[in-house]
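Peer 1: Sending over a structure as structure tokens; questions will come in a sec.
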Amino acid sequence: MHTRESLTDDLRALGVAPGDVLLVQGSLRAVGPVEGGGRAVVEALRAALGDRGTLVAYAATPENSITSRLDRQRTAGLNAAELAAYREAMEPFDPLTTPVSPSVGRLAEEVRLTPGALRSAHPHTSFTAVGPAARTITEGHALESHLGEESPTARLYDLRGRALLIGVDLWVCTAYHLADYRAVPPPDRPYQALVRSADGGKEWVSFEAADIDDRHFPRLVPVVARECAVLNGSFGDASCHLVPIADAVDVIAKWLAENPR
């Protein structure tokens, strides 16, 4: 069984350094059995980062949207009455209390639950962070900028953050979306989300924003592996990749401009 101390040693051997800004994405299950469970995994990450480091996770919530792929899957085949009942039962997004979607994984929820963690206010693509740079990363997340220039992805770029991909392929990195915005911006489309209103009730917000999609990400793996100083190693039982976010965004943006979808 892995321990907080053994996992911290793994992170240091992999190249995680005190003071880093670290976006973590991946599978807790892939890490294997850990004494103390997911909380100990987060403690190991924070120990490796030290007091000057900031831990970040993607905290998305597609469940409160009527324009997400998840919603389309869940409502397919419902009749009018069933759809109305489903909509009535939907929970609104509240950055202070809404859990991270299970579709994102338990690791992000463990980061969100860490004392002192902050969360950006976007009802679809929020990020949570804990550490000295947490407020800089999470504040000012514009509705119209899911993962663009007015989002935490751009702040991770500015801060020269790195992404630790735990037990997942090299293409599974939400920060890569910033390259889409910078290379050939996707066309806008309408979005709707259910959010907590100022009086504690529910309200719908509608907005136009880029039509984001990650189905082209697997094609980016050779580009990132070849052009970026990716570090590979183990975290518990999981194979991991440590990716410099700014370098990856730059090379992906260049590649996308030369190879439009």
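The values are calculated or read from the model by the stated rules, or taken from the named source; none is laboratory data. Just so it is clear, the structure is predicted and the values come from calculations on it, not from any experiment. All Cβ positions, even for glycine, are placed from backbone atoms using ideal geometry, and neighbour counts span all protein chains on display. Only protein heavy atoms, including side chains, enter the accessible area calculation; ligands, DNA and RNA are left aside. Shrake-Rupley method; radii C 1.70, N 1.55, O 1.52, S 1.80 Å.
Peer 1: Among the residues of the range 87-105, is any open to solvent by less than 30 Å² (accessible area, probe 1.4 Å) and polar (S, T, N, Q)?
Peer 2: Scanning the range 87-105, I find at least one residue that is open to solvent by less than 30 Å² (accessible area, probe 1.4 Å) and polar (S, T, N, Q), so the answer is yes.
Peer 1: When P222 is evaluated against the numbered criteria (1) touching a residue at least 40 places away in the same chain (Cβ under 8 Å); (2) more than 18 Å from G148 (Cα to Cα), which criterion, by number, is the only one it fails?
Peer 2: Of the numbered conditions (1) touching a residue at least 40 places away in the same chain (Cβ under 8 Å); (2) more than 18 Å from G148 (Cα to Cα), the odd one out for P222 is (1).
Peer 1: Now a separate question. What helices (runs of 4 or more DSSP H) completely inside the range 136-236 contain at least 2 residues that are open to solvent by less than 60 Å² (accessible area, probe 1.4 Å) and within 19 Å of S120 (Cβ to Cβ)?
Peer 2: 152-158, 177-183
Peer 1: Using the structure shown, decide if G38 is at pLDDT 95 or above, more than 25 Å from H177 (Cβ to Cβ), open to solvent by less than 60 Å² (accessible area, probe 1.4 Å) and part of a loop (DSSP other than H, G, I, E, B).
Peer 2: no
Peer 1: Can you name every residue in the range 63-97 that is touching an Asp or Glu at 6+ places or on another chain (Cβ under 7 Å) and among the polar types (S, T, N, Q)?
Peer 2: Result: N64, S65.
Residues are listed down the side, and each one gets a yes or a no for (1) in contact with a Lys or Arg (Cβ under 8 Å, 6 or more places away or on another chain); (2) over 17 Å from G37 (Cβ atoms); (3) at pLDDT 95 or above:
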residue	(1), (2), (3)
A85	no, yes, no
D94	yes, yes, yes
P99	yes, no, yes
L107	no, no, yes
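Peer 1: Collect the residues in the range 8-30 that are β-branched (V, I, T) and farther than 18 Å from L170 by Cβ, keeping them in residue-number order.
Peer 2: Across the range 8-30, the qualifying residues are T8, V21.
Peer 1: Cβ-Cβ under 7 Å, sequence separation 6+ or interchain: first residue in the range 160-185 and in contact (Cβ under 8 Å) with a residue 40 or more places away in the chain, partner open to solvent by less than 10 Å² (accessible area, probe 1.4 Å) and among the aromatic types (F, W, Y). Which pairs?
Peer 2: Matching pairs, first to second residue: I166/F235; W171/F217; Y176/F217.
Peer 1: Across the range 41-69, which residue is surrounded by the most Cβ atoms within 10 Å (Cβ to Cβ) among those that are more than 20 Å from the chain's Cα centre (by Cα) and charged (D, E, K, R)?
Peer 2: Ranking the candidates gives R52 first.
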